[in-house]
Amino acid sequence: MLDTVKRTISDYTMLETGENVLVALSGGADSVALLLSLRELGYPVRAFHLNHCLRGAESDRDEAFCRRLCDRLGVELAVERVDIAAAAGDSAVEETARRIRYARLEHAAHGAKIAVAHNADDNLETMLFHLVRGTGAKGLTGIPPVRGRIIRPLIEVERREIEAFLRERGQDFVTDSTNADTAYTRNRLRQEVVPILRELNPQAVQAAARLSRQLRQDETCLQSYAQTCVQLCAVGNGAWKIQPLREAASAVRSRALRLLLENADMPLKDVTAKHISALEHLLETASPSAETDLPNGCFARREYDVLRIIPKAETAVERPEIPFTVPFAGMIWKDTVRLTAKKLEKSEVFYKTFNTFCLDCGTIDFESLCVRTRRTGDTLRLTENGGSRSLKKLMIDRKIPRYMRNAMAVIADKNGVIAVQDIGADCSRTAKNNANTLQITVKGLSKNGL
């Protein structure tokens, strides 16, 4: 067993020679074997035991065993007690225990590597557990040998080898009585399914370990391609180009989409194959403004050639018609748009910039001057040689997403549209010089680029 542990540490670059390591010690066979094997291989070890206070006197027995073992071996031991049941509240006890255990291990490690005692049998059980639940390929990669500062030197050692290792040294250990409860899926797999697999193939655990290694290699390669795809897609502000995703192989595209969701701070444990399938449909749909729901109150929206991931908490801002008098300078529509309007003096420089409109005062009815959103029948004539076109068609031509069209500022009076944010001014209203000129500037400040 020691040779396997030594090779595993080397193959996965878990530890440097003589590097300090903190061992997660429960008192069970696996963690006791881990502590002894690392010590025998010459690594300076410390141990940490967390009493979960879940099994009454049995939990206290485990703690006492760990104290005696470390005292006999001369190994420094840190012990903490946490009432996991109380800490869990309405949450799952097992998940709460795992979260707190790793958090306390990280704190106790003081920057050192943390060795945990998952073995090859645990890896097979995890693969089966994921398979039964309906996993993707990544779930079949099993337990990672290394995750950050967490290392698993026993990951390629079978449980029967661990027990033989302890017998050879006359080392006892404690057993968690809940391991016999087949109400837990993992226990049932361990006690009922794995023995059948071993009957069919005595090397079933090692066969699963080989498959796990191969799938991890494949996953690393595919994730690298997915990262490259994401880099090609990046636009900013939660938007991603669609074409690189469309052109990617299916195995790369699905992983790239998960990375996009991860970029949006969405826990991947909440993302299912159904969500990925819905996103792939958005990439291919003919509708330029299609949407789909995602976990955690988010949703994805197609905006012509880009895909955007948006928090659903971003509610629509109410945009009523707002009459204004000249001069005017201020924020409107819950501070999403800044509007300024003033008449230019003859001595002022006459200029035009994007979303700054210079208008002929003689063409404007100042008593009905207002800012509003688009209405059915709104038209705009942008050039002298062209005719009037509906705002809807102009917005479609400019590939303005549907959700943005009803949020764009329209400057109008009783005679119709004067100018529209991000599109331009009606050519019949624009000033030809700086005499009798009204200058209006509209600047959108919302997250979605208005």
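List of remarks:
- Residues in the range 343-355 that are outside any strand (DSSP E or B) and either over 28 Å from N406 (Cβ atoms) or modelled with pLDDT of 90 or more (or both): L344, E345, K346, S347, E348, V349, F350, Y351, N355.
- Checked against the criterion of being surrounded by 18 or more Cβ atoms within 10 Å (Cβ to Cβ) and either more than 21 Å from A108 (Cα to Cα) or in contact with an Asp or Glu (Cβ under 6 Å, 6 or more places away or on another chain) (or both), the candidates R46, R55, R7, R61 yield just one match: R46.
- From the list D181, D122, the one residue that fits, being surrounded by fewer than 16 Cβ atoms within 10 Å (Cβ to Cβ) and either under 30 Å from R81 (Cβ atoms) or modelled with pLDDT of 95 or more (or both), is D181.
- Top-ranked residue in the range 428-448 [being out of contact with any helix residue (DSSP H, G or I) (no Cβ under 7 Å at 6 or more places or on another chain) and more than 12 Å from C358 (Cβ to Cβ); ranked as least open to solvent (accessible area, probe 1.4 Å)]: V442
- When the test is whether a residue is under 23 Å from G444 (Cα atoms) and in contact with a Gly (Cβ under 7 Å, 6 or more places away or on another chain), L359 does not pass it.
- Any hit, the range 390-400, residues being touching a helix residue (DSSP H, G or I) at 6+ places or on another chain (Cβ under 7 Å), at pLDDT 90 or above and of a type in the set (S, T, Y): no
- The set of residues in the range 25-42 being closer than 24 Å to E63 by Cβ and open to solvent by 20 Å² or more (accessible area, probe 1.4 Å) consists of S26, D30, R39.
- Counted as qualifying within the range 271-342 are the strands (runs of 3 or more DSSP E) with 2 or more residues that are in contact with a helix residue (DSSP H, G or I) (Cβ under 9 Å, 6 or more places away or on another chain) and either open to solvent by 30 Å² or more (accessible area, probe 1.4 Å) or not charged (D, E, K, R) (or both), namely 291-293, 298-303, 306-311.
- When the range 356-371 is filtered for residues that are loosely packed, with under 12 Cβ neighbours inside 10 Å and either assigned to a strand (DSSP E or B) or modelled with pLDDT under 95 (or both), only G362 remains.
The values are calculated or read from the model by the stated rules, or taken from the named source; none is laboratory data. Predicted model only: the values in this text are computed from it and were never measured. All Cβ positions, even for glycine, are placed from backbone atoms using ideal geometry, and neighbour counts span all protein chains on display. These area figures cover heavy atoms from the full protein model, side chains too; ligands, DNA and RNA do not enter into them. Shrake-Rupley method; radii C 1.70, N 1.55, O 1.52, S 1.80 Å.
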